[in-house]
Amino acid sequence: MLGFHHRKGRWTRRLLAGAAALALAGPASAEEIRLLISQSPWLDAFIAMVDEYEDQSDNTIALDVTPFGGMVEKTRNSLRADSGSYDLLALNSAALAEFYAGGFLQPLDAIEPGLTVPENVLTFGDSTHWSAEKKAFDPAGQLLGLPINGNVQVLYYRKDLYEAKGLKAPETWEELEANTKALKDDKTYGFVTRGAKDSILYNFTPYLFSNGGAFFKDPANGDYSVVLNNAQGLEALETYMRLAKESGVENPGAVAQAELIQLLATGRAAQAIGVIAAYASLNDPSNSIVAGKIGTALIPAKAGESHSSAAGHWMASIPRNVPAEKQAAALHFLKWFVTRDAQIDYVAAGGVPVRSDLADAFEGDETFDFLPAFSANAAVSQMNMPLVEGIELKDVISLELNRALIGEISAKDALNSAAQKANDVLVKAGYTVTPPGQL
Amino acid sequence: MQTTSTGRRNAVWRIGSLLPAALLLVVLSIYPVFNLIGLSLSEVHWADGQSASTFVGLDNYRTVFADQPVYWAGVRNTIVFAVLAVTFQMLLGFCMALSVQNLKGVPRAILTAIFLLPIVIPPIVIGAMWRLLLGRDFGMVNALLQAVGLPAVDFLGNPNIALFSVIGVDVWHWTPFVFLLLLTGLESLDQEVFDAARFDVTSGWQRLRYITLPLMLPTIIITLGLRLILSFKVFDEIYLLTGGGPGTSTEVINFSIYRTFFAQDNTGLGAAMSVLTLGAVAVLIVVVNGLVRLRRRREAKA
């Protein structure tokens, strides 16, 4: 976690500002809000915010902290019951479309008419809204959630090694490859890739989008025809594999998030693309021998193409199957949580913010050097599987990408096979799609 | 008249005493299986907060056979896993049981405690522990290998080795179970047979080959069957060690079912996979039972 800076003056200011924000947000009613939340690295920061909210409000919050692996099942069980067990649900971006499309959630503007996403609150690829007609995230659709943790991927690099070798943060994949070669030696991996089967799609996503590729033809308008296997997709996968293999670990197809963070924290890896939530532990001297030496940057792109990061954020949504007063209390907390003052405290407590206007609040404080890179990546973050069948599609595409990475099949075969299998899933689910071609 | 009345009372008693167990069996075993079969013939969709179930006949089974290569990779790996892991467990477990049987007093107590240690550790802890031990860059096993001048091995990351690493961990975990059952079997053998055989057998090998093994065969078959069936249930160790990868190198049946049923929420297809697996395990139980009965019949004839 980020260092918890207990500064009396700031906290007093925040307390007063928070109280004012609460007063503006509406009258608090004494309700217990039952909240299902994942046991993630940012949990302690979230708990600190729950404590802060309870100090300022008559409401209380009962947290059901659940390991990540059990979150989806608990969420389904609660939402599908006649009466829900939770008044507020933390939903990971990977399963967001399923819950949005299932009709289980209460639109936030139905609880408070006229409510919109507050200015400067990030929407991570419009994932706050869902259009039932388009079957897609759409700012014109219903407002179904607000973000509570902005976990996007960023480029991590060793500032000290960059300085020693006279390198600068790469703008393009070519520059990243050049840096990687310069940094690799007997003891250090130049660049580490998170290529394990359950991680690879998330890790590969920025490569695909920033090479001009895409998974689907026009998801914003509901056209989910698979276009993964084209020249841009191939270039993206070949770049991904080159970076993974040439200066990285021997078998990148087995590296998951924990290993990636471990390799960075022990100084074995000089660069990696990883989640921003890892920044806190990488800069904590009790967890990392490279604390204070880790820099963050915008993920590179192909020269001339737009930058991209994969959204891995958490949203909070309110179920339909709980009483109206519980819904109102849950929304009261949610609106307070995304205020600028609350978000400043959240960052100070070690959380990953969901606003784009916090950088100036921590100017000059090295502990929060990640904020500019976070904001830059959050601004270009995209959902990779923005549809109900996202988890099934993730599984079929990930397997083929992973097989290419471990050398079982070629990059071209992997993309062709992934595209065909993804198309089969969509056809079976009733989508009208154009079949993918062959590379 | 009295005989008829006694017979009726006996019948009532028999039915009455069996009824609670039968009801439990119906509620906890038979109903869930029929429910699973019903689920495998349908597809469930959720819209507007409501579920809609559609009867699809055998479509899910067709999909399993025609369009689920990962499931079949899991079937192949599960069979390899079960055969290799159980074979090594049986051999090692029997050797350990023989060695402990010949000991007495404190050495026996110490050795038994050491042998049994892995079985009391929860599988989830074993997965985490061995993941740390076998890690390529920071694992203790590689540190030891490198200390004696050998190259580091990527036990869990190399797709050609990963399954065997997982089998090794399972052997370490479950051999004590085999040891315990076989030791119990060895200790229950009639010592008079061994005493009588002293005049006919001249070596320890002959005693093992012609007396111990034949007498132990029923215990060995039961233990083998139990371990084979239990090995089909492997999940938690692999989940933590490799997550089923790299590729499909350590994918097992339960992984495919878990992913399909829970992660993808594809209950019909997941149920079809479960029914097929359940059928395969049931066949295995019938085969093991058949072997035991055959053996008993032969013994009875002899």
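Summary of computed values
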item	result
Test: residue in region B:122-129 that is within 22 Å of A:Ala258 (Cβ to Cβ), surrounded by 18 or more Cβ atoms within 10 Å (Cβ to Cβ) and more than 14 Å from every other protein chain (Cβ to nearest Cβ)	yes
Odd one out for B:Gln264, checked against (1) modelled with pLDDT of 95 or more; (2) more than 11 Å from B:Val64 (Cα to Cα)	(1)
Yes/no for B:Val106 being more than 30 Å from A:Glu250 (Cβ to Cβ) and surrounded by 15 or more Cβ atoms within 10 Å (Cβ to Cβ)	no
Failed criterion for A:Tyr207 (all others in (1) free of Cβ contacts under 8 Å to residues at least 60 places away in the same chain; (2) in contact with a His (Cβ under 7 Å, 6 or more places away or on another chain) hold)	(2)
Residues of region A:108-139 that turn out to be among the aliphatic types (A, V, I, L, M), assigned to a loop (DSSP other than H, G, I, E, B) and at pLDDT 95 or above, as a count	2
Residue in region B:171-189 that is out of contact with any strand residue (DSSP E or B) (no Cβ under 9 Å at 6 or more places or on another chain) and within 14 Å of another protein chain (Cβ to nearest Cβ) present	no
Cβ pairs under 6 Å, 6+ apart, first in region A:411-439 and charged (D, E, K, R), second not in a helix (DSSP H, G or I)	A:Lys412/A:Leu439
Test: residue in region A:292-308 that is in contact with a Gly (Cβ under 7 Å, 6 or more places away or on another chain), touching a residue at least 24 places away in the same chain (Cβ under 8 Å) and buried (at least 22 other Cβ atoms within 10 Å of the Cβ)	no
Test: residue in region B:279-299 that is within 14 Å of another protein chain (Cβ to nearest Cβ), closer than 26 Å to B:Ser29 by Cβ and among the hydrophobic types (A, V, I, L, M, F, W, C)	no
Qualifying position, being of a type in the set (D, E, K, R), assigned to a helix (DSSP H, G or I), within 27 Å of A:Thr266 (Cβ to Cβ) and at pLDDT below 95, among B:Arg131, B:Arg108, B:Arg136	B:Arg131
Qualifying residues in region A:69-107 (those that are of a type in the set (Gly, Ala, Ser) and assigned to a helix (DSSP H, G or I)) - the one surrounded by the most Cβ atoms within 10 Å (Cβ to Cβ)	A:Ser93
Unique match (being part of a helix (DSSP H, G or I) and at pLDDT 95 or above) among A:Glu305, A:Glu325	A:Glu325
Odd one out for A:Asn384 among (1) part of a helix (DSSP H, G or I); (2) away from chain B (no Cβ under 14 Å)	(1)
Flag for B:Ser17 being without any contact (Cβ under 8 Å) to a residue 40 or more places away in the chain, surrounded by fewer than 17 Cβ atoms within 10 Å (Cβ to Cβ) and within 14 Å of another protein chain (Cβ to nearest Cβ)	no
Condition broken by A:Ile61, with the remaining ones in (1) assigned to a helix (DSSP H, G or I); (2) over 18 Å from the mean Cα position of the chain (by Cα); (3) of a type in the set (Val, Ile, Thr) satisfied	(1)
Unique match (being of a type in the set (A, V, I, L, M, F, W, C) and touching a residue at least 12 places away in the same chain (Cβ under 8 Å)) among B:Ile119, B:Ile110	B:Ile119
Members of region A:253-264 that are at the interface with another protein chain (Cβ under 8 Å from one of its Cβ atoms), touching a helix residue (DSSP H, G or I) at 6+ places or on another chain (Cβ under 9 Å) and either outside any loop (DSSP other than H, G, I, E, B) or of a type outside the set (Val, Ile, Thr) (or both)	A:Gly253, A:Ala254
Qualifying residue in region B:47-54 (condition: part of a helix (DSSP H, G or I), out of contact with any helix residue (DSSP H, G or I) (no Cβ under 7 Å at 6 or more places or on another chain) and either under 26 Å from B:Leu181 (Cβ atoms) or not hydroxyl-bearing (Ser, Thr, Tyr) (or both))	no
The listed residue being assigned to a helix (DSSP H, G or I) and under 24 Å from the mean Cα position of the chain (by Cα), out of B:Ser29, B:Ser5	B:Ser29
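Conditions (1) closer than 23 Å to A:Ile294 by Cα; (2) out of contact with any strand residue (DSSP E or B) (no Cβ under 6 Å at 6 or more places or on another chain), marked per residue:
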residue	(1), (2)
A:Thr339	no, yes
A:Gly351	yes, yes
A:Asp360	yes, yes
A:Gly364	yes, yes
A:Phe368	yes, yes
A:Asn377	yes, no
A:Glu389	no, yes
A:Ser398	no, yes
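The values are calculated or read from the model by the stated rules, or taken from the named source; none is laboratory data. In this text, all values refer to a predicted model and were calculated from it rather than measured experimentally. In this analysis, Cβ positions are derived from the backbone assuming ideal geometry, glycine residues included, and neighbour counts consider all displayed protein chains.
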